[in-house]
Amino acid sequence: MIVDEIFTRLPAKAIGCLKCVCKYFCKELSTHFFEMMHSCLIGNSLHKKYLSLSNMSIVVDDIIGGNLDVVTNKQITFPGNVDPRFLRILASLNGLLLVSYEPSCCELILWNPTTRCHKLLSVSGSCQWYVRKCDAGGMYFDETNDLRVLHIKYFF
(Lines give C-alpha, C1' and ligand atoms only; values in the text may rest on other atoms or scores of the structure.)
Protein backbone atom coordinates (compact mmCIF):
# COMPACT_ATOMS: atom_id res chain seq x y z
CA MET A 1 0.00 0.00 0.00
CA ILE A 2 2.84 2.41 0.81
CA VAL A 3 4.43 1.80 -2.58
CA ASP A 4 1.18 2.14 -4.57
CA GLU A 5 -0.41 5.03 -2.69
CA ILE A 6 2.45 7.16 -1.36
CA PHE A 7 5.59 6.48 -3.39
CA THR A 8 3.81 6.96 -6.73
CA ARG A 9 3.23 10.60 -5.81
CA LEU A 10 6.88 11.39 -5.01
CA PRO A 11 9.25 13.07 -7.47
CA ALA A 12 11.67 10.88 -9.45
CA LYS A 13 14.70 12.05 -7.48
CA ALA A 14 13.12 10.86 -4.20
CA ILE A 15 12.29 7.50 -5.81
CA GLY A 16 15.95 7.12 -6.76
CA CYS A 17 16.96 7.73 -3.14
CA LEU A 18 14.35 5.30 -1.82
CA LYS A 19 15.71 2.53 -4.05
CA CYS A 20 18.90 2.69 -1.96
CA VAL A 21 17.09 2.21 1.37
CA CYS A 22 16.48 -1.53 1.18
CA LYS A 23 16.25 -4.44 -1.26
CA TYR A 24 12.45 -4.56 -1.01
CA PHE A 25 12.07 -0.89 -2.02
CA CYS A 26 14.58 -1.33 -4.84
CA LYS A 27 12.67 -4.34 -6.16
CA GLU A 28 9.21 -2.75 -5.87
CA LEU A 29 10.23 0.65 -7.24
CA SER A 30 12.00 -0.91 -10.23
CA THR A 31 9.00 -2.76 -11.62
CA HIS A 32 7.44 -1.67 -14.89
CA PHE A 33 4.03 -1.50 -13.14
CA PHE A 34 5.33 1.04 -10.60
CA GLU A 35 7.05 3.07 -13.31
CA MET A 36 3.84 3.27 -15.32
CA MET A 37 1.75 4.25 -12.24
CA HIS A 38 4.36 6.83 -11.25
CA SER A 39 4.56 8.36 -14.72
CA CYS A 40 0.75 8.51 -15.00
CA LEU A 41 0.35 10.29 -11.68
CA ILE A 42 3.29 12.60 -12.22
CA GLY A 43 2.25 13.14 -15.84
CA ASN A 44 -1.13 14.45 -14.70
CA SER A 45 0.37 16.71 -12.06
CA LEU A 46 1.51 20.29 -12.36
CA HIS A 47 5.19 19.33 -12.21
CA LYS A 48 5.93 18.93 -15.90
CA LYS A 49 9.29 19.83 -17.39
CA TYR A 50 10.35 20.85 -20.88
CA LEU A 51 13.90 20.01 -21.90
CA SER A 52 15.44 21.94 -24.78
CA LEU A 53 18.87 21.98 -26.35
CA SER A 54 20.06 25.52 -26.96
CA ASN A 55 23.28 26.60 -28.62
CA MET A 56 25.57 26.16 -25.64
CA SER A 57 23.42 24.63 -22.89
CA ILE A 58 20.64 22.24 -21.99
CA VAL A 59 17.71 24.14 -20.49
CA VAL A 60 14.95 22.70 -18.30
CA ASP A 61 11.81 24.83 -18.01
CA ASP A 62 8.74 24.28 -15.83
CA ILE A 63 5.35 23.97 -17.46
CA ILE A 64 2.73 25.64 -15.26
CA GLY A 65 -0.91 25.44 -16.22
CA GLY A 66 0.00 24.37 -19.74
CA ASN A 67 2.28 27.39 -20.28
CA LEU A 68 6.05 27.46 -20.45
CA ASP A 69 7.52 29.31 -17.45
CA VAL A 70 10.90 30.58 -18.65
CA VAL A 71 11.48 32.54 -15.43
CA THR A 72 12.18 29.37 -13.42
CA ASN A 73 14.38 27.62 -15.99
CA LYS A 74 17.64 25.97 -15.01
CA GLN A 75 20.56 24.72 -17.01
CA ILE A 76 21.98 21.23 -16.77
CA THR A 77 25.03 19.72 -18.38
CA PHE A 78 25.32 16.52 -20.35
CA PRO A 79 27.86 14.05 -18.93
CA GLY A 80 31.35 14.94 -20.02
CA ASN A 81 30.35 18.58 -20.62
CA VAL A 82 29.77 17.97 -24.33
CA ASP A 83 28.56 20.70 -26.62
CA PRO A 84 24.72 20.43 -26.87
CA ARG A 85 24.84 21.51 -30.52
CA PHE A 86 26.09 18.01 -31.36
CA LEU A 87 23.37 16.13 -29.44
CA ARG A 88 20.32 14.70 -31.22
CA ILE A 89 17.42 13.30 -29.20
CA LEU A 90 16.32 10.14 -30.99
CA ALA A 91 13.73 8.73 -28.57
CA SER A 92 12.35 9.11 -25.06
CA LEU A 93 10.60 6.67 -22.74
CA ASN A 94 9.64 7.21 -19.09
CA GLY A 95 12.12 10.05 -18.66
CA LEU A 96 15.05 8.29 -20.35
CA LEU A 97 16.50 9.77 -23.52
CA LEU A 98 18.25 7.99 -26.35
CA VAL A 99 20.67 10.54 -27.79
CA SER A 100 23.24 10.60 -30.52
CA TYR A 101 26.47 12.54 -30.03
CA GLU A 102 27.63 13.53 -33.49
CA PRO A 103 30.88 15.51 -33.59
CA SER A 104 33.16 12.62 -34.39
CA CYS A 105 31.56 9.19 -34.58
CA CYS A 106 27.82 9.44 -33.80
CA GLU A 107 27.81 7.53 -30.53
CA LEU A 108 24.52 6.27 -29.09
CA ILE A 109 24.01 7.19 -25.44
CA LEU A 110 21.19 6.35 -23.02
CA TRP A 111 20.77 9.32 -20.67
CA ASN A 112 18.59 10.05 -17.64
CA PRO A 113 18.46 13.87 -17.25
CA THR A 114 16.91 13.56 -13.77
CA THR A 115 19.81 11.61 -12.27
CA ARG A 116 22.30 12.85 -14.89
CA CYS A 117 23.51 9.26 -15.36
CA HIS A 118 24.34 7.90 -18.78
CA LYS A 119 25.47 4.74 -20.52
CA LEU A 120 27.43 4.63 -23.75
CA LEU A 121 25.74 2.09 -26.03
CA SER A 122 28.05 2.26 -29.05
CA VAL A 123 31.22 0.24 -29.07
CA SER A 124 34.41 1.14 -30.86
CA GLY A 125 33.49 -0.64 -34.11
CA SER A 126 32.14 1.67 -36.81
CA CYS A 127 29.23 -0.69 -37.56
CA GLN A 128 27.68 0.25 -34.19
CA TRP A 129 27.69 4.01 -34.77
CA TYR A 130 24.49 5.87 -35.50
CA VAL A 131 24.23 7.40 -38.97
CA ARG A 132 21.82 10.33 -38.80
CA LYS A 133 20.32 10.19 -42.28
CA CYS A 134 20.13 6.39 -42.55
CA ASP A 135 19.45 4.84 -39.12
CA ALA A 136 16.56 4.92 -36.67
CA GLY A 137 16.46 4.42 -32.90
CA GLY A 138 13.85 3.70 -30.27
CA MET A 139 13.19 2.14 -26.87
CA TYR A 140 10.61 -0.30 -25.52
CA PHE A 141 9.94 -2.71 -22.65
CA ASP A 142 10.06 -6.42 -23.51
CA GLU A 143 7.83 -9.14 -22.05
CA THR A 144 10.03 -9.37 -18.92
CA ASN A 145 9.81 -5.58 -18.37
CA ASP A 146 13.44 -5.00 -19.31
CA LEU A 147 14.25 -1.83 -21.22
CA ARG A 148 15.41 -2.54 -24.75
CA VAL A 149 17.06 -0.08 -27.11
CA LEU A 150 16.38 -0.57 -30.77
CA HIS A 151 18.93 0.59 -33.34
CA ILE A 152 17.78 -0.05 -36.89
CA LYS A 153 20.76 0.06 -39.20
CA TYR A 154 20.56 0.79 -42.91
CA PHE A 155 23.28 -0.88 -44.94
CA PHE A 156 24.02 0.38 -48.41
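Assorted remarks:
- Enumeration of residues in the range 4-15 that are touching a residue at least 60 places away in the same chain (Cβ under 8 Å) and either in a loop (DSSP other than H, G, I, E, B) or loosely packed, with under 15 Cβ neighbours inside 10 Å (or both): K13
- Residues that are open to solvent by 50 Å² or more (accessible area, probe 1.4 Å) and either of a type outside the set (A, V, I, L, M, F, W, C) or modelled with pLDDT under 80 (or both) number at least 3 in the following strands (runs of 3 or more DSSP E) confined to the range 116-156: 147-152.
- Residues (at pLDDT 70 or above and over 24 Å from A136 (Cα atoms)) located in the range 55-68: S57, V59, V60, D61, D62
- When residues of the range 87-102 are limited to those that are free of Cβ contacts under 8 Å to residues at least 60 places away in the same chain and under 17 Å from M36 (Cα atoms), the one least open to solvent (accessible area, probe 1.4 Å): L97
The values are calculated or read from the model by the stated rules, or taken from the named source; none is laboratory data. Every value quoted in this text rests on a predicted model; they were computed, and no experiment measured them. All Cβ positions, even for glycine, are placed from backbone atoms using ideal geometry, and neighbour counts span all protein chains on display. Ligands, DNA and RNA are excluded from the accessible area calculation, which covers all protein heavy atoms including side chains. Shrake-Rupley method; radii C 1.70, N 1.55, O 1.52, S 1.80 Å.
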